[in-house]
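Enquirer: To start, I am sharing the structure in question, which I have written as structure tokens.
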Amino acid sequence: MYRLAFMMLHDKEESRDIVHDVFARLLDGDIRFDSGKARAFLLSCVRNGCLNVMRSQNTRERVMRDFPIDDESTSDSEAFESEIEALQNGIRHLSPPICREIITLHFNDGLTFKQISTQLQVSETTIYKHLRNALNQLRLTIKDMG
């Protein structure tokens with residue numbers, strides 16, 4: 001059981017903890033099993049415990065990657081603010097004006113293509129085409145910035 005956990009996690013302490021937790025749950029009576037299939041059941045419990053640990057590690061790693069906490073956050077926030085300002089400026093200068101209206105309704109107000117098409121009395125395909133055009137214009141604006 002330990003070898004299985006170690007093969008999955010590559011961490012001795014975490015692997016021992018997983019196996020320990022399985023036996024602790026058995027002793028506490030939290031889980032019951034057929035003694036004829038004990039080996040398969042115990043290995044499944046270890047595997048599931050490892051998958052839970054891996055899932056939580058992936059979540060932690062994603063949070064740390066997406067929301068880093070460091071001392072240089074002021075310069076990052078200043079760069080972020082300038083990018084947001086450039087993006088808002090790009091939205092103000094979208095042409096034709098319907099692109100600006102569609103991108104605002106879709107991203108600011110959270111309306112679907114169908115809701116926007118009903119509101120503006122145009123087809124959903126038209127909404128899609130104008131939104132694609134607006135996003136392409138904004139990409140070019142941002143590309144020219146950097």
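The values are calculated or read from the model by the stated rules, or taken from the named source; none is laboratory data. Here the structure is a predicted model, which means the values were calculated and not measured. Positions of Cβ are backbone-derived with ideal geometry, glycine not excepted, and every protein chain shown enters the neighbour counts. The area values use the complete protein model at the heavy-atom level, side chains included, leaving out ligands, DNA and RNA. Shrake-Rupley method; radii C 1.70, N 1.55, O 1.52, S 1.80 Å.
Enquirer: Taking the conditions exactly as written (at pLDDT 90 or above and over 30 Å from Leu9 (Cβ atoms)), does Ile127 satisfy them or not?
Expert: The answer is yes for Ile127.
Enquirer: Just give me the residues in segment 104-120 being assigned to a helix (DSSP H, G or I) and of a type outside the set (A, V, I, L, M, F, W, C), in sequence order.
Expert: Thr104, His106, Asn108, Lys114, Gln115, Ser117, Thr118, Gln119
Enquirer: Looking at Ser77, Ser117, which one is at pLDDT below 85 and open to solvent by less than 60 Å² (accessible area, probe 1.4 Å)?
Expert: Ser77
Enquirer: So which of Ile84, Ile31, Ile18, Ile98 ends up being under 30 Å from Leu120 (Cα atoms) and either at pLDDT 85 or above or in a loop (DSSP other than H, G, I, E, B) (or both)?
Expert: Ile98
Enquirer: I've got another one for you. For segment 84-108, how many residues meet the condition of being of a type in the set (S, T, N, Q) and within 26 Å of the chain's Cα centre (by Cα)?
Expert: Final tally of qualifying residues: 3.
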